[in-house]
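The values are calculated or read from the model by the stated rules, or taken from the named source; none is laboratory data. Being a predicted model, the structure only gives us computed values, none of them experimental. We place every Cβ from the backbone using ideal geometry, glycine too, and count neighbours over all the protein chains shown. Accessible surface is based on the protein model in full, side chains and every heavy atom, while ligands, DNA and RNA are left aside. Shrake-Rupley method; radii C 1.70, N 1.55, O 1.52, S 1.80 Å.
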Amino acid sequence: MREITDAHVAEPGPAVVEVAAADDATALAVQELLAARCAIAPANRTVREPGKPGVRLRCFLDLRQQPGS
């Protein structure tokens with residue numbers, strides 16, 4: 001996965017959340033829970049790292065905005 005840069009979290013409110021889970025369904029379910037609570041730029045897929053168990057998903061959220069805004 002790409003590095004998290006200062007631009008991703010330049011001011012209070014925005015956050016980068018990385019989910020590590022056993023499978024795609026679990027990672028995407030966590031993303032849905034986050035989306036119900038704040039504005040989110042969702043990931044459309046998970047990433048598997050060769051030789052490592054499970055999957056990762058990175059999404060960007062903004063605590064200053066309501067979901068759907």
Would you tally the residues in the range 23-48 being among the aliphatic types (A, V, I, L, M) and either within 9 Å of the chain's Cα centre (by Cα) or surrounded by 16 or more Cβ atoms within 10 Å (Cβ to Cβ) (or both)? 9
Checklist (1) outside any strand (DSSP E or B); (2) open to solvent by less than 50 Å² (accessible area, probe 1.4 Å) applied to ALA15, failing item: (1)
Is it the case that ALA10 is surrounded by 13 or more Cβ atoms within 10 Å (Cβ to Cβ), over 10 Å from the mean Cα position of the chain (by Cα) and closer than 23 Å to GLN66 by Cβ? no
Please work out which residue is surrounded by the fewest Cβ atoms within 10 Å (Cβ to Cβ), limiting yourself to the range 49-63 and to residues that are in a strand (DSSP E or B) and without any contact (Cβ under 8 Å) to a residue 40 or more places away in the chain. VAL55
Log entry, pairs with first residue in the range 1-22 being more than 18 Å from ARG56 (Cβ to Cβ) and at pLDDT below 80, second being part of a strand (DSSP E or B) and open to solvent by 80 Å² or more (accessible area, probe 1.4 Å), beta carbons closer than 8 Å, six or more apart or on different chains, reads none
